Each structure stands twice: as C-alpha cells, then as structure tokens.
Amino acid sequence: MTYLKKLVGEKIREIRKNKGLTQEELSEKAQIKYTYLGDVERGVRNISLESLEKIMNALEIRPGDLFDYRELRLNSNEIELDAVLEVHHNYLKHKRVEDVKMIHTISKEIFRNLENK
C-alpha cells in the first residue's frame with residue numbers, strides 16, 4: 001500500500017462521514033461498486049481518475065478539497081511508518097547490493113541495542 005493511496009482513501013472516508021453518507025450511499029451517488037469504494041478508502045486499491053472524479057462529484061468537492069490534509073485525523077503511526085518505509089525502499093533500491101547489505105547489518109545492530117535497553 002502506498003502512502004498516497006492511503007491518504008486519498010482516508011480523506012474520502014473522512015469527507016463521506018462528515019457528510020453523513022454510508023459507503024453504499026456514496027457508491028450509489030458516484031455510480032461505482034461499494035466494494036471498490038471500500039478498497040479505495042482503505043488504500044488497498046488504485047483509483048482511476050474517472051472514478052476519483054465520480055466520487056468528488058458525488059461528494060460535491062473540488063480536487064483541492066481532496067488533497068488538503070491539514071485537518072485529516074489519520075492513524076498517524078501507520079501512515080508515518082508506511083511513508084518512512086517507502087522512502088527507505090526507494091532510496092535503497094538504487095544503491096549497490098553491498099551498500100544495502102551493510103545498511104541492513106547496521107540496522108540490525110541498532111535494533112538489537114534498542115531492544116536491550
């Protein structure tokens with residue numbers, strides 16, 4: 001699951017709930033399957049721009065409303081962890097194998113020391 005999928009899904013859920021809509025009601029208004037909407041809200045499914053536009057129209061919001069995360073109450077530990085892991089993954093996948101192995105060895109030692117405290 002990527003960070004952006006999770007953010008967009010959480011924002012859609014937050015707006016939907018603030019408008020007093022169930023997933024079934026929103027999916028009917030947006031003319032999409034409610035199971036698809038559920039997957040989008042959980043951040044486990046990629047959303048097409050067409051479906052995103054249908055949801056925004058059904059919620060009567062603009063794109064800027066969907067991408068404004070200032071007041072969104074997320075499960076921040078999970079989001080932050082996913083974001084950190086994704087950044088590290090993207091960084092490490094461009095490094096030499098030897099460097100990645102060295103970083104892994106150092107990380108294991110750091111975690112071992114943290115667990116012993």
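The values are calculated or read from the model by the stated rules, or taken from the named source; none is laboratory data. Small disclaimer: the values here were computed from a predicted structure and weren't measured. Note that we place each Cβ from the backbone using ideal geometry, even for glycine, and neighbour counts take in every protein chain shown. Please note that ligands, DNA and RNA were not included when accessible areas were found on the heavy atoms of the full protein model with its side chains. Shrake-Rupley method; radii C 1.70, N 1.55, O 1.52, S 1.80 Å.
General observations
Here's the yes/no breakdown for (1) over 20 Å from the mean Cα position of the chain (by Cα); (2) within 13 Å of LEU59 (Cβ to Cβ):
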residue: TYR3; (1), (2): no, no
residue: GLY9; (1), (2): no, no
residue: GLU14; (1), (2): no, yes
residue: LYS17; (1), (2): no, yes
residue: GLU24; (1), (2): yes, no
residue: THR35; (1), (2): no, no
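- 2 or more residues touching an Asp or Glu at 6+ places or on another chain (Cβ under 6 Å): qualifying helices (runs of 4 or more DSSP H) within segment 1-59: 3-18
- Scope segment 1-42; condition within 17 Å of ASP68 (Cα to Cα) and either open to solvent by less than 40 Å² (accessible area, probe 1.4 Å) or at pLDDT 95 or above (or both); matching residues: LYS6, LEU7, VAL8, GLY9, GLU10, LYS11, ILE12, ILE15, ARG16, GLU41
- The set of residues in segment 82-113 being exposed (fewer than 11 other Cβ atoms within 10 Å of the Cβ), at pLDDT 75 or above and either basic (Lys, Arg) or closer than 23 Å to LEU7 by Cβ (or both) consists of LYS93, ARG96, LYS108, ARG112.
- Members of segment 46-69 found to be surrounded by 17 or more Cβ atoms within 10 Å (Cβ to Cβ) and over 10 Å from VAL8 (Cα atoms), listed by number: SER51, LYS54, ILE55, MET56, ALA58, LEU59
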